[in-house]
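Right, one structure below, let's go through it.
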Amino acid sequence: MITKPNDWGEAPAIIGGARTLPAGNYKCKIVNVENAVSKTGNKMLKIFFDIDEGDYAGIYMDRYLNNKKSNEEAKYPNAGVYYQLLGEGQTGRLKGLVQCLEMSNPSFKWNWNEQAMNGCVFAGQFREEEYFKNGELRTSVKLVYVHPLEELANLDVLPMKQVNKAGAPRTSEDSERQLESIFGGPAEPDKIPF
């Protein structure tokens with residue numbers, strides 16, 4: 001017989017798994033915007049969004065609220081965050097984002113206050129992308145492009161972005177062999193040059 005947990009009465013029941021957004025094009029709505037700094041020290045906007053219509057409406061907020069039930073420190077799902085770099089070299093992308101929001105939201109006029117973006121809608125073009133995690137091939141669906149809402153019906157579904165599988169390690173033994181080929185023998189932590 002198992003022991004009844006002390007928090008049995010307070011713990012919320014978690015039933016089923018998370019819905020998964022398929023690649024495609026969706027009407028999206030901005031739910032929050034934050035000023036942030038990237039890992040490399042560049043200023044950026046973190047634009048939190050959700051799907052606004054259809055079978056997947058509210059997918060990211062639902063996931064966030066579900067996660068909050070069992071983890072007070074849960075964060076909004078990364079799949080529901082669009083990162084817009086700021087500064088020199090990124091002006092064209094920021095200007096394109098602003099124009100898409102102005103075209104999609106008649107009452108929105110850019111005034112350099114990022115909080116004015118909250119509640120704005122846009123057409124999002126999502127693509128499935130492959131990646132490796134711990135030597136295992138996985139996929140995720142990411143927002144790749146922001147478009148004016150009027151273009152939603154005419155957007156193509158983007159093909160999957162595949163990783164180059166030729167050089168990817170398949171197992172930990174493959175990883176070790178790759179390191180041995182780089183270092184001319186077994187990798188020794190005190191001799192790794194970084």
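Since every read-out is calculated from the coordinates, none of them should be taken as a lab result. Keep in mind the model is a prediction, meaning the values are calculated, not measured. Every residue, glycine among them, receives a Cβ derived from its backbone with ideal geometry; neighbour counts consider all protein chains shown.
Tabulated results
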{"item": "When each of 43/69; 68/133; 39/161; 95/161 is checked by Cα-Cα distance, pairs over 28 Å", "result": "43/69"}
{"item": "Simple spin-label estimate for residue 66 and residue 110 in nanometres, 7 Å along Cα-Cβ", "result": "3.6 nm"}
{"item": "Cβ-derived FRET efficiency at R0 25 Å, residue 10 paired with residue 55, nearest 0.05", "result": "0.15"}
{"item": "Two-site FRET efficiency, residue 99 against residue 142, from Cβ-Cβ distance with R₀ of 25 Å, rounded to 0.05", "result": "0.70"}
{"item": "Using alpha carbons only: equivalent-ellipsoid semi-axes of region 31-76, gyration tensor based, whole Å", "result": "24, 16, 7"}
